[in-house]
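J.: Pasting a structure below so you can have a look.
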Amino acid sequence: MSSAVPDHVLRELGRTEGDAASLGLLVRDQDTRRLVLLRAVLDAAEAAPATVCPPPLLDRLRADWALLEAAEHADREAVRTVLFHPMAGPWAQRLLGGLTSEAPAGPDLLADLAHLTALVAAAGVRAGVDLRVRLGPRGGYLSLPTLGAVRADTGPVELQCHGGELTVRPADGAPFTVRVQQDGATSSADPRWVPLVMLPAVVPGAGPVALDDLDPYRTRGDGAETHGLGGAAQIDDWERKAWIESWSGVEPLLRLGGEHRLTEATVLLRCMVPLGPPPGSGPTGRSAAHCSGTRREAFGAVLSSKPATPAYFASTLVHELQHTKLSALCALVPLHHEDATPRHFAPWRPDPRPFDGLLQGAYSHLALADYWQRFALHARRVAHRDQAWAEHARCRQQVGAVLPVLAGSAALTPEGRTVVNEMITLYHRLEDSPPPTGHLARAEAYVTTAKVIWQQRNDSRRQ
């Protein structure tokens, strides 16, 4: 049986690269899975007992679905912009879980079902179809994914769309209008409307990237704090300007890492989700370490606290988009049959990692080692060059500490063996331009110390 992924694509991805066609294969598969997931939600609602999905809720879901079909008939691409928005993934997974459980409908399921109406309304607005819906706010906001949100403390809020203009009628105030452009950009003279901030396209001709601090599902249910991440953050005008300013310097820095870094950001990145400082970083945030992450069910999203500099913004994208890439590849074809027992040492984590986590971490750190080496070789200022060499050396030594475990696994599939072999090829290619001796020595000491501490900590846990 032939693989679902051509060999040349596996080799490209194994080297942490991938051209637009190769990455497009991953995107199409993920988008198809999203459509299947949404259909599964409808089927689960139809099959659910009345205690889980009472007839009035089922009738509402059917009405939402009919409106969604009408909107797609009017403008398919506009609707798919909403359906493929990364945060629709966590919501759909959550709703499907609620509809297939035996527990009676509770507040969470009711809120998840109501969000379908919000998604459909956003799709209808984008597609330019006439509609009228009523929704209740959550946490002081009524979010319309990919468009913005209405500030409202009480509900319900009535939304009416006609002729490209959205009329909002809150329960506790005068109505107001929101203008919606063809590209989905919104504007209103009323401060109760909060438009979704769009970061400019990574390269000319590409689509903009949403800076989504409004969607209620951006970190819901992902256990962010247990993974060392800050919670979802709503940012003020000053912080938005800081994000935009930092973002403006990302493109040339990504280009330093090679054209493939620009390509993966252009093809894969759909939205940034602002996070607060990591737990325990202090009230001012000045001493806060940067944190970032991805969610497998939110394809195309990178969650991140605001990077300190454009260079670290670029490296955050390099790091996190590798997780996006590898997770999407694993959804297409299995790379290994190892179990999920956390047992392996990873220099970038204090806890034991399962094999899959080890592979994910090694893959992303290998891409970082490659990125920082290219950065160091092209940096003009000595301070920037030294910092880049230090980052490169640390990442490369971290990867070198775990590659033997990956390569030695008998549970790799043929596709997984190809990917790991290409990772090894890139790892050795990095030796062609070694870092200054001092950086290498410090990196070696760092990894050695990390392993000693890891062994002491985990040996004591097993006693």
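J.: Which one of the conditions (1) surrounded by fewer than 16 Cβ atoms within 10 Å (Cβ to Cβ); (2) in a loop (DSSP other than H, G, I, E, B); (3) in contact (Cβ under 8 Å) with a residue 40 or more places away in the chain does LEU110 fail to meet, given that it meets all the rest?
T.: Tallying (1) surrounded by fewer than 16 Cβ atoms within 10 Å (Cβ to Cβ); (2) in a loop (DSSP other than H, G, I, E, B); (3) in contact (Cβ under 8 Å) with a residue 40 or more places away in the chain, LEU110 fails exactly one: (2).
J.: Here's another thing I want to ask about it. Residue by residue through region 244-273, note down the ones that are open to solvent by 20 Å² or more (accessible area, probe 1.4 Å), part of a helix (DSSP H, G or I) and either hydroxyl-bearing (Ser, Thr, Tyr) or under 18 Å from LYS325 (Cα atoms) (or both).
T.: SER248, GLU259, HIS260, THR263, THR266, VAL267
J.: Can you go through GLU102, GLU72 and tell me which one is of a type in the set (Asp, Glu) and assigned to a loop (DSSP other than H, G, I, E, B)?
T.: It is GLU102.
J.: Are any of the residues in region 56-67 in contact with a strand residue (DSSP E or B) (Cβ under 8 Å, 6 or more places away or on another chain), in a helix (DSSP H, G or I) and at pLDDT 95 or above?
T.: yes
J.: Could you check, for region 380-397, whether at least one of its residues is in a loop (DSSP other than H, G, I, E, B) and either surrounded by fewer than 14 Cβ atoms within 10 Å (Cβ to Cβ) or at pLDDT 95 or above (or both)?
T.: There is at least one residue in region 380-397 that is in a loop (DSSP other than H, G, I, E, B) and either surrounded by fewer than 14 Cβ atoms within 10 Å (Cβ to Cβ) or at pLDDT 95 or above (or both).
J.: Okay, next question. Please tell me if GLU297 is acidic (Asp, Glu), open to solvent by 50 Å² or more (accessible area, probe 1.4 Å) and assigned to a loop (DSSP other than H, G, I, E, B). Steps first, answer last, please.
T.: Numbers: acidic (Asp, Glu): yes; open to solvent by 50 Å² or more (accessible area, probe 1.4 Å): yes; assigned to a loop (DSSP other than H, G, I, E, B): yes.
In short, yes.
J.: Here is a further query. Exactly one of these conditions fails for LEU199: (1) modelled with pLDDT of 90 or more; (2) open to solvent by 30 Å² or more (accessible area, probe 1.4 Å). Give me its number.
T.: (2)
J.: Which pairs do you get when a residue that is under 21 Å from PRO347 (Cβ atoms), found in region 379-396, comes within reach of a residue that is open to solvent by less than 80 Å² (accessible area, probe 1.4 Å) and of a type in the set (Phe, Trp, Tyr), reach meaning Cβ atoms under 7 angstrom, with the pair 6+ apart or on two chains?
T.: These pairs meet every condition: ALA388/TRP372; ALA388/PHE375; GLU391/TRP372; HIS392/TRP372; CYS395/TRP372.
J.: Can I ask one more? Identify, from the list THR418, THR425, THR437, THR449, the residue that is within 20 Å of ARG374 (Cα to Cα), open to solvent by less than 80 Å² (accessible area, probe 1.4 Å) and among the hydroxyl-bearing types (Ser, Thr, Tyr).
T.: Unique residue meeting the criteria: THR425.
J.: Collect the residues in region 306-337 that are more than 19 Å from THR413 (Cβ to Cβ), open to solvent by 10 Å² or more (accessible area, probe 1.4 Å) and outside any helix (DSSP H, G or I), keeping them in residue-number order.
T.: LYS306, ALA308, THR309
J.: Moving on. What are the pairs, 6+ residues apart or on separate chains, where a residue within region 141-152 that is in contact (Cβ under 8 Å) with a residue 60 or more places away in the chain and part of a strand (DSSP E or B) has its Cβ under 7 Å from a residue that is of a type in the set (Phe, Trp, Tyr) and open to solvent by 10 Å² or more (accessible area, probe 1.4 Å)?
T.: Cβ pairs passing all conditions: GLY148/TRP193; ALA149/TYR141.
J.: State all residues of region 217-241 that are in a helix (DSSP H, G or I), modelled with pLDDT of 70 or more and exposed (fewer than 13 other Cβ atoms within 10 Å of the Cβ); if no residue qualifies, say none.
T.: ASP237, TRP238, LYS241
The values are calculated or read from the model by the stated rules, or taken from the named source; none is laboratory data. In this text the structure is predicted, and so the values were computed from the model without any measurement. All Cβ positions, glycine included, derive from the backbone under ideal geometry; neighbour counts span all protein chains shown. The area values use the complete protein model at the heavy-atom level, side chains included, leaving out ligands, DNA and RNA. Shrake-Rupley method; radii C 1.70, N 1.55, O 1.52, S 1.80 Å.
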